[in-house]
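Let me begin by presenting the structure, written as structure tokens, before commenting on it.
Where a number appears in this text, it was derived from the coordinates with a stated rule and is not lab data. These numbers come from a predicted model, not from an experiment. Cβ sites come from the backbone with ideal geometry, for glycine too, and all protein chains shown count toward neighbours.
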Amino acid sequence: MKTLRKVLLASALCLLWGGHASADTPQKQAHAEKAAQGHRIDRSGKTRKGKASFYGRRFHGKKMANGEIMKPDSNAAASKTLPVGTVAKVTNLENNKSEVVVVKDRGPYVDGRIIDVTPKTADKLDMKEEGVAPVAVTPLKLPPKPEAESAPPDKAK
């Protein structure tokens, strides 16, 4: 029951701060991994529609899933389903403004949201005032498949 309360509190804080769960402690890392369960990595290259939000201030300077530090003036993004390293075009469907981002992190962990962008990208997409915007996310370049993902299962046993 305490864990459920913590998850609900974290989700509520995410809504207020416009960000996603940070993974800077082992407990938070475990939460981020648990929250990502059930989300398959999407290598189809298909455009997906949903809502975008942007990283809140508390994530500035924090380590992202790829090991880099989140810089608010970068073009980094977080996705639950696109492979880390994906280059994608994010289009704000309310004003047709687009920006190219690189998926470097996991999240957002709020239902209905498909991508988190940096404050700089949010400014360029003209979504910062509202905090959330309907978007289309189109993968432009997918990273190569990791060896473990592309290798056939071992049937020798």
Just grab the label-to-label distance for N96 and E147, each label 7 Å out from Cα along the Cβ direction, in nm (one decimal).
4.8
Please list 3J(HN,Hα) in residue order for region 49-63, calculated via the Karplus relation 6.51 cos²θ - 1.76 cosθ + 1.60 where θ = phi - 60°; whole Hz, with x for glycine and proline.
10, x, 10, 10, 10, 10, 4, x, 4, 5, 8, 4, x, 7, 6
Cα→Cβ-extended label distance, 7 Å offset, between L140 and I41, nm:
2.2
